[in-house]
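Below is one structure, written out as structure tokens; comments come after it.
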Amino acid sequence: MGKLKTKMEEEMALRGLRPRSQKSYLYAVRKFVEHYGRSPRTLGQREVRAYLIYLLKDRQLSDSTVNQALHALKFFYRHVLERGEVVEDLVVKRQRRRKLPVILTREEVERILSATEGLLYQTLFMTLYATGLRLGEGRRLRVEDIDREAMRICVRDGKGGQDRAVMLSPRLLYHLETYWWRCRPRPWLFARPGADQPIATRSAQRAFQRSVAAAGIEKKVSAHSLRHAFATHLLEQGTSLLYIQQLLGHRNLTSTMIYTRLTETQTSGVRSPFDTLIGEAPERFW
């Protein structure tokens, strides 16, 4: 697939696909070609359809994973092989079921942070919880992204290629300054020891799991759970859902509304307008 791979890389670059998307597209097409063991020029709609069914039924992959493979194949056939008609009518119906995330309590977050070894990881996890950043956004922060004058953190090239600003709490600023004076990172705020690169995602996740175990927490959580905890705890404090949406960088409010299903405080203190009507309350029958 040498020449075809080169052409696909060029087409993806021209269309501005992010590096992570390019990598996943190339992987999906490579697995498709390996499955049949022959040139993709000889494979048509019947083979693509059969491959998607194989992923769903035999491999039992999630619908989102199969959809990703379909998007990669559509790009490949349209822009590389120039045979868009092969994939024009192919769809994979997405399941609308969405599992609720596991939420850490405030006390559990505090235990995890206290149990984290190493100033770098402890400060990173503090930052994720204090701001609601995704792990990828947090690990790519640069020192200049910390705006002490405006008390905000600039998140550059977040999910979907969007920039945004999030709050910088005074308590977090204190820990960031302490971390900076001791470690002097530059340009990346959370750099690999002895390297001019951000820390690896896998290393951060492993460190988080060590902290969870050391804290004696048995919930199935990841570093992303700090983002979920941030949003849920803000909601419990009565923060506007629209403001939380902006902080999280969600394009659609529907993505943010999942947190309303994770807390009872939204209804426990709410008074029905019926109770404000003029007139005496009726007798209770039971």
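Looking across 117, 149, 137, one residue alone is in the same structural domain as residue 225 (by TED's automatic domain parsing) and in contact with a strand residue (DSSP E or B) (Cβ under 9 Å, 6 or more places away or on another chain). It is 137.
In this entry, residue 71 is excluded by the filter for residues that are outside any loop (DSSP other than H, G, I, E, B), in contact with an Asp or Glu (Cβ under 6 Å, 6 or more places away or on another chain) and not assigned by TED's automatic domain parsing to the domain that holds residue 216.
If you take the residues of the stretch 109-119 that are over 21 Å from the mean Cα position of the chain (by Cα) and assigned to a helix (DSSP H, G or I), which of them is nearest to residue 210 (Cα to Cα)? Per the stated criteria, the residue is 115. The condition of being over 17 Å from residue 188 (Cα atoms), touching a residue at least 60 places away in the same chain (Cβ under 8 Å) and not hydroxyl-bearing (Ser, Thr, Tyr) holds for only one of 102, 86, 92, that being 102.
Using the structure shown, decide if residue 46 is without any contact (Cβ under 8 Å) to a residue 40 or more places away in the chain, on the phi < 0 side of the Ramachandran plot, exposed (fewer than 15 other Cβ atoms within 10 Å of the Cβ) and not in a helix (DSSP H, G or I). No. Might you check whether a residue that is within 16 Å of residue 79 (Cα to Cα) and exposed (fewer than 13 other Cβ atoms within 10 Å of the Cβ) occurs anywhere in the stretch 23-41? Yes, the conditions are met somewhere in the stretch 23-41.
Okay, residues lined up against (1) more than 16 Å from residue 131 (Cα to Cα); (2) part of a helix (DSSP H, G or I); (3) modelled with pLDDT of 95 or more:
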{"site": "193", "(1), (2), (3)": "yes, no, no"}
{"site": "210", "(1), (2), (3)": "yes, yes, yes"}
{"site": "217", "(1), (2), (3)": "yes, no, yes"}
{"site": "223", "(1), (2), (3)": "no, no, yes"}
{"site": "238", "(1), (2), (3)": "yes, no, no"}
{"site": "251", "(1), (2), (3)": "yes, no, no"}
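The values are calculated or read from the model by the stated rules, or taken from the named source; none is laboratory data. Just so you know, these numbers come straight off a predicted model, no measurement behind them. Every residue, glycine as well, gets a Cβ built from its backbone with ideal geometry; the counts of neighbours run over all protein chains shown.
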